1. Are any residues in region 138-172 under 26 Å from Ala111 (Cα atoms), among the aromatic types (Phe, Trp, Tyr) and within 16 Å of ligand 2 (Cβ to nearest atom), and if so, which ones?
2. Out of Val272, Val229, Val238, which single residue is among the β-branched types (Val, Ile, Thr), in contact with a Phe, Trp or Tyr (Cβ under 7 Å, 6 or more places away or on another chain), more than 10 Å from ligand 2 (Cβ to nearest atom) and open to solvent by less than 40 Å² (accessible area, probe 1.4 Å)?
3. Give the residue that is farthest from Val48 (Cα to Cα), with candidates limited to residues of region 9-30 that are outside any strand (DSSP E or B), touching a strand residue (DSSP E or B) at 6+ places or on another chain (Cβ under 9 Å) and more than 16 Å from ligand 2 (Cβ to nearest atom).
4. Condition first: away from ligand 1 (no atom under 11 Å from the Cβ) and more than 30 Å from Asn334 (Cα to Cα). Can you find one or more residues in region 262-274 that meet it?
5. Would region 155-171 turn up any residue that is charged (D, E, K, R), modelled with pLDDT of 95 or more and open to solvent by less than 10 Å² (accessible area, probe 1.4 Å)?
6. Of all residues in region 213-235, count the ones that are of a type in the set (Gly, Ala, Ser) and part of a helix (DSSP H, G or I).
7. Kindly indicate which of Tyr312, Tyr335, Tyr282 is within 23 Å of Ala151 (Cα to Cα) and in contact with a helix residue (DSSP H, G or I) (Cβ under 6 Å, 6 or more places away or on another chain).
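The values are calculated or read from the model by the stated rules, or taken from the named source; none is laboratory data. If you're wondering where the values come from, they're calculated on a predicted model, not measured in any experiment. FYI the Cβ positions are ideal-geometry reconstructions off the backbone, even for glycines, and counts take in every protein chain you see. To get the accessible areas, we keep the full protein, side chains included, count just its heavy atoms, and leave off ligands, DNA and RNA. Shrake-Rupley method; radii C 1.70, N 1.55, O 1.52, S 1.80 Å.
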Amino acid sequence: MNVLITGAAGFIGSNLTHYLCAERPQWKITALDALTYAGNLENISALVDSKKIRFVRSDIVDQVGVEALFASERFDLVLHLAAESHVDRSIHGADVFVRTNVLGTQNLLSAARGHGVKRFVHISTDEVYGSLGPTGRFVESTPLDPTSPYAASKAASDLMVLACAKTHKYEAIVTRCTNNYGPYQFPEKLIPLFITNALENKKLPLYGDGMNVRSWLYVTDHCDALLAVAERGRAGEVYNIGGAAEAEIPNRDVTFTILKLLGKNSDLIEKVADRPAHDRRYAIDYSKINKELGWKPRTPFPDGMQKTVDWYLANRGWWERVKSGDYATFYEKNYRNR
Ligand code: NAD
Ligand code: DAU
């Protein structure tokens, strides 16, 4: 199997690349990434250096570059993760989200279909469904109702992929996952930001009342689901992927878990102004992927959090490098005036 993984130097992409190298060592893997602020070649450098995978630096929006790649290599499968992925950044500026998530996905999809790539798995998000009230869970037929520019750009790309599957009878599949956490996550997202800020004795900026609920999934469980979908998922379908009921947790409680694991005091918490149009609650019904492909989340939240905290403790150099430079400017802009 000849596989292209886009966004392979990002958080989920790099975890997936490591996971597939271990689970499917016979696969030939090409890792593509533009190395934006969120991409870090360090995440997969051991695999590149040992020649287990090939790395290609390319922008998925670049038609000439993408076309040349598909002309030079006959892929069987594309696992498409490259994206702008941070909600707060999309509030500061939506253009790059439309460029990468909508135009980039369409460009990649056209090239894949044009060059006879058999399968295209588009990795999307539960945020396309918008927000839940106090009860209920998203199912695959829940109407799309995105509230942030990020979520809207992902919803648009989902629809292009599903339309392509219908129009051209192309083997494209969309997955929609809840919040991931684990190693290599860029420290602009809640869990790695709060772990690393706490380690630096900096404030933990909790938005609004801290009672927004997310459904947390350890990243390896997501990789497991993506492999099942890639190998056995039905073409043209959407599969919801997500955390178990016990992992549906308000941000305030996630914050207390982090502080407890690190032995830090709750006076590090700083309540700050809410995110505009902040989705109140996400929860997913994953019964379709469970029934069809036998997948379910396996890592209990306390175990996943212990592993994650241990990883950030053991990899201080990684996150100190990532947090310096351009990220510091974004952090300042995002949290000033809150
Ligand atoms: P990330 O921001 O950590 O990584 C994104 C990667 O895409 C980076 O390596 C970046 O360099 C690359 N990239 C960005 N623009 C590119 C371009 N134009 N061309 C090529 N590469 C480009 O994101 P992540 O959290 O790993 O998310 C990966 C995918 O999974 C995204 O599509 C996201 O929408 C989806 N997703 C994420 C989560 C989550 O909790 N993180 C949950 C559900 C779905
Ligand atoms: O649900 C899947 C989505 O999960 C993915 O599609 C996105 O790519 C990913 O970024 C994530 O989106 P969220 O907006 O839920 O994740 P984030 O880590 O930014 O925020 C999680 C919750 O924590 C959310 O309710 C906002 C809150 N938060 C976040 C940050 C960064 C804070 O209270 N303070 C913060 O500083």
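1. Within region 138-172, Tyr150 is the sole residue that qualifies.
2. The conditions single out Val229.
3. If we filter region 9-30 for residues that are outside any strand (DSSP E or B), which is where we start, we get 9-27.
Add one more test, that the residue is touching a strand residue (DSSP E or B) at 6+ places or on another chain (Cβ under 9 Å), and what stays is 9-17, 20-21, 24, 27.
In the following step, the residues that additionally are more than 16 Å from ligand 2 (Cβ to nearest atom) were identified as 17, 20-21, 24, 27.
Working: Thr17: 11, Leu20: 14, Cys21: 11, Arg24: 16, Trp27: 14 Å.
Restricting to residues being outside any strand (DSSP E or B), touching a strand residue (DSSP E or B) at 6+ places or on another chain (Cβ under 9 Å) and more than 16 Å from ligand 2 (Cβ to nearest atom), the top hit is Arg24.
4. No: region 262-274 contains no residue that is away from ligand 1 (no atom under 11 Å from the Cβ) and more than 30 Å from Asn334 (Cα to Cα).
5. Yes.
6. Let us first name the residues in region 213-235 that are of a type in the set (Gly, Ala, Ser), namely 215, 225, 228, 230, 233, 235.
Filter once more, keeping what is part of a helix (DSSP H, G or I): 225, 228, 230.
Residues in region 213-235 being of a type in the set (Gly, Ala, Ser) and part of a helix (DSSP H, G or I): 3 in total.
7. Tyr282
Table: residues versus (1) assigned to a strand (DSSP E or B); (2) more than 7 Å from ligand 2 (Cβ to nearest atom); (3) crowded, with 22+ Cβ neighbours inside 10 Å; (4) free of Cβ contacts under 8 Å to residues at least 12 places away in the same chain.
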site: Val174; (1), (2), (3), (4): yes, yes, yes, no
site: Tyr184; (1), (2), (3), (4): no, yes, yes, no
site: Pro187; (1), (2), (3), (4): no, yes, no, no
site: Phe194; (1), (2), (3), (4): no, yes, yes, no
site: Ala198; (1), (2), (3), (4): no, yes, yes, no
site: Lys202; (1), (2), (3), (4): no, yes, no, no
site: Pro205; (1), (2), (3), (4): yes, no, no, no
site: Met211; (1), (2), (3), (4): no, yes, no, no
